[in-house]
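Just so you know, all these numbers are worked out from the coordinates, no wet-lab data involved. Being a predicted model, the structure only gives us computed values, none of them experimental.
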Amino acid sequence: MASMRTPLGLICGLAAMVALTACARKPTVDDAKKFLDEVEQKTLDLGNEAQEAGWVQENFITDDTEALSAKASQRAIDYGVLAAKESKKFDDVQLPADMRRKMTLGDQCVKRVLLR
């Protein structure tokens, strides 16, 4: 009976993989719009947080405020890198010029930060 479980489990596993692959779809312009809207909002929030932490650090210079400022800046950079990597899924999507420009500028900004 144990020998029957292995082939049955294998068949079920393969069937699940086929079903998941069939469910995967190519991203659309609407997906890109949603992605850009989320990235812009999150980038704004993280940028404001980093600026506020930087102001506190510059006006109250301690080891703690320097650490807080560094952590906030690192969160913003990490998110930018993540967003740039995720944006690659839209490379083959025919986007309007303004959306394509935003995707390209995001990549270029991350490259500049990382190449400093």
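Some points to look at:
- Compared with the alpha-carbon gap, the fully stretched path from Glu40 to Ala97 is longer by 18.8 nm at 0.36 nm per residue.
- The stretch 27-114 - convex hull of alpha carbons, volume per residue in Å³: 83
- Counting only residues at least eight positions apart within a chain, or on another chain, the aspartates and glutamates with an alpha carbon under 19 Å from that of Lys33 are Asp45, Glu86, Asp91, Asp92, Asp98, Asp107.
- Members of Lys34/Lys88; Lys71/Lys102; Lys42/Lys89 lying beyond 23 Å, as alpha-carbon distances in this model show: Lys71/Lys102
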